[in-house]
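Report on one structure; see the data block that follows.
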Amino acid sequence: MKNWDKILKDFSHKCKGGAPNLKNPTHLQFLRESLIKFGWKENATNEFIGNLREGGEFQALSKKGNVSTFDSAKNRDTAVAKGTHKPIDKKGEEGGEVQDEKSILDNLDKNQKSARKHIMGRLDIEQLKSDDPNLSDEEINHVEETKKLFDEFLNNDTSPKRKAEIALELKNKLGLTTNKPVEDEDGPNNVKLYIKKNHDGGKVPRTLEKLLTTKNGGGGAPQTRLVNELNKHLDEDNQIQPNTIGGQDERKVSQTFETAAKPSFVNKDGSSTGKKAKRRNPKANFRRKDRNNPGYDKDGNALYETDPVVTSIFQEGTPLGDLKESYHEIEGPSDDDGNLVSANTPEGQRTHMRFLVERNQASQRVKDECDKILNDPNVNESEKEKFRNIKSSIETYENEMQQIIEKVPSKEAAQKVEELNAKLMDDLFNSHPDIAGGMAKQMAENALVSEELAAGDEVYMPTSGVFPGGDKIHVTRKGQQVVGVAGISVKFGRASKETQIYGFPGESQSMARFAEPKRKEDESDDDYKKRKEELRTRNGGHVGQEGHSIGVRDDIITDANKQEEIIEQSGMGDAVTDKKEFHSITNDVKNEVDRFMSEQRKKVPPPSEKAIKIQLQKHLKKWMKDNKINERLDKCVDRKEFIKQLTGSEDGYYTDEDGNRRRHSNTLIAQNSNPIEMINIMSFGSTVKEGQGMPSLAWNHQSYEDGEYHTETVNPNDEDMTNLACWGFSSRMYVSSSRNGGGILSTGTCEGSSKRKPLKNS
């Protein structure tokens, strides 16, 4: 009973000199304040107050104005909620709250407060009725009871014993699950919290299922804190776990369907459909090469055949043509000679459309995965219904697409294909939104190709699943002559409604392949080729990469003159106020990366290269903190100017076309970037500006928001893509157990120049 005399004196004073009443909630609150004031720890205080409450009496006013006593706070609050009683205010009179919200929040720690604000805001009954008028009275009552339980649970006047009871009741009553573990091998995760049981234990309407998530259905720290708070009061066997489907983690099922939905094509005989620019001639005898006639065998047969269509797309001297030869391959139907059918004629477009619909194996794989779920006795009927709907949606889509093919190309066909793609996305998300997102990412590029073919465009899909920069190729001709070839990067899914970043932004080292520097006067072919290659290889994929120790090519770090040139080319000359010190900082970081990796390799036995790179992040973070690297950075960089270059304004905000103030997608990375991220952004920025904004690379953005499918393409010819505020940047500089880095990630948004709102239908 530490400081008990002082506690009692302070407590009595708070009670205005009157006799303390431990049955009075206000007096208990005063006692709690006194205990904390004189050194009691919060957990011990909460338990002590809780025990007093559990053993005490709980009062409310009857309709006649008489004081009624209840055996628990729960029963008292239930009577108040039913309207048979009214709460007693601080003076013991009618009309007050049992405890006001501010007092409750004041007694919670940061995590508890965050969880309470989130959950009490989401459980807004009137808003819920407005969002979904179809909810029954029973379902509304179910939510009201849920809110009361959370109200009691997230209150430090509630005893630990009672919290444990409530946590178990909530978990079982609502069937609470998450979308993934709150912590896995990669560290803590922010999760989504779902309701999987209705008031009668049956299927939950989607409105209620996502009621505990964020307003837009996403995850976040407040939900995660709520889950952690609930799990703290649940025993090991009753912890809130990720949702399962037939005993399988829902996330793993989602990944299975995402993999199944990845486009892949075969010919009728099951053979590969990819058409190479150059392929082995089946008539040639490679064992009898003619040394006197290179490229031919001794019978005069050419060793390789050239595909005229593929070759015309990968023209030498163009960004696509400059890619390594293994990328010179297009997915599509063959003519009688085995060459790619050109999509520059109406008949060719119909042939390609038929190929997309009939030869894509993804549809059948998804239906097969649905059948596995439907035949699994461990999956409940409610879940089976979702997958039954997914299968039906795909079958309907295939049948209706077949009926359109003969109308391609036409305005009517293009409109119908857009409608069918939108309907498929809508059906998938309505069937099983947690599974649909992964499938939609894979289907996005196929959807765009089909829409553009139907409109009469010449478009192709690269065979390579890691094709640099683009997921689709668009060809323009003048007559039969190819006059333009553009890559289209297709991204599905937005990080949030308030950002212009879609899907998983591309690696800058891939985007850089589309840089097209202006040719200098009297520059030789060899010199121009070397300069293009130098420009396109400035960025690497991760810290610790050979030749790119801190993510950019090593000579950009070691050569002070080269680094200054890069900084000036990126437009950041005014942002780096002390270029000598900045050069010193980046060198110090590089040297530490090299030293650490060398040290690790000398161990006996040495760790694997991947293990070293995984450890590198933790080591480097601590090393930079210990050596005050960021403090040094702040002294040689004008952060406001850096932010301005990436966002268009010094504070990172802009006013959109509707007059709303919005934070630019780049604001946070601009404000918080460390030396590694900063030099990587500058390096790619120099490539963007010197490469004329990647004029042959466009970006298609797709999303499913508010029950609607959205698609829009950003054309580099319509915007100034040398403006870095028109690019969205994010950082994935390090190798982890599940990812091989990525470096600085980027995507075209046009956010900086257009000041646009989040993208809408186009």
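The values are calculated or read from the model by the stated rules, or taken from the named source; none is laboratory data. Note that the structure is predicted; figures quoted are calculated from it, not measured. Neighbour counts are summed over all protein chains in view; Cβ atoms, including those assigned to glycine, are modelled from backbone coordinates with ideal geometry.
Is there a residue in region 176-188 that is touching a His at 6+ places or on another chain (Cβ under 8 Å) and surrounded by 15 or more Cβ atoms within 10 Å (Cβ to Cβ)? No, because not a single residue in region 176-188 is touching a His at 6+ places or on another chain (Cβ under 8 Å) and surrounded by 15 or more Cβ atoms within 10 Å (Cβ to Cβ). Among the residues of region 511-540, those that are surrounded by 20 or more Cβ atoms within 10 Å (Cβ to Cβ) and among the small types (Gly, Ala, Ser) comprise ALA512, ALA515, GLY540.
Restricting attention to region 150-175, and to residues there that are among the basic types (Lys, Arg) and out of contact with any Phe, Trp or Tyr (no Cβ under 8 Å at 6 or more places or on another chain), which single residue is surrounded by the fewest Cβ atoms within 10 Å (Cβ to Cβ)?
First pass over region 150-175, keeping only residues among the basic types (Lys, Arg): 161-163, 171, 173.
Then keep just the ones that are out of contact with any Phe, Trp or Tyr (no Cβ under 8 Å at 6 or more places or on another chain); that gives 161-162, 171, 173.
Numbers: LYS161: 13, ARG162: 20, LYS171: 20, LYS173: 17.
For region 150-175, the residue satisfying everything is LYS161.
Of the residues ALA413, ALA440, ALA436, which single one is aliphatic (A, V, I, L, M), farther than 22 Å from GLN248 by Cβ and in a helix (DSSP H, G or I)? Give the derivation first.
Values: ALA440 fails: farther than 22 Å from GLN248 by Cβ; ALA436 fails: farther than 22 Å from GLN248 by Cβ.
Testing whether each residue is aliphatic (A, V, I, L, M), farther than 22 Å from GLN248 by Cβ and in a helix (DSSP H, G or I) leaves just ALA413.
Against the test of being touching a residue at least 12 places away in the same chain (Cβ under 8 Å), over 21 Å from SER673 (Cβ atoms) and in a helix (DSSP H, G or I), the options LYS590, LYS580, LYS532 yield a single qualifying residue, LYS532.
How do the strands (runs of 3 or more DSSP E) wholly within region 258-359 filter down when requiring 2 or more residues that are buried (at least 19 other Cβ atoms within 10 Å of the Cβ) and of a type in the set (Val, Ile, Thr): which remain? Spell out how you get there, then give the answer.
Numbers: elements: 274-276, 278-280, 304-306, 329-331.
In region 258-359, there are no strands (runs of 3 or more DSSP E) which contain 2 or more residues that are buried (at least 19 other Cβ atoms within 10 Å of the Cβ) and of a type in the set (Val, Ile, Thr).
Of the strands (runs of 3 or more DSSP E) lying entirely inside region 647-706, those containing at least 2 residues that are out of contact with any helix residue (DSSP H, G or I) (no Cβ under 8 Å at 6 or more places or on another chain) span 661-663, 697-705. Cβ-Cβ distances below 6 Å connect the following pairs, each with a first residue in region 366-389 that is of a type in the set (Val, Ile, Thr), a second residue that is modelled with pLDDT of 90 or more and not in a helix (DSSP H, G or I), and a separation of six or more residues or different chains: VAL366/ALA261. For region 733-748, filtered to residues that are over 19 Å from THR537 (Cβ atoms) and assigned to a strand (DSSP E or B), the residue that is modelled with the highest pLDDT is VAL735. Of all residues in region 610-625, none satisfies being surrounded by fewer than 21 Cβ atoms within 10 Å (Cβ to Cβ), of a type outside the set (Lys, Arg) and assigned to a loop (DSSP other than H, G, I, E, B).
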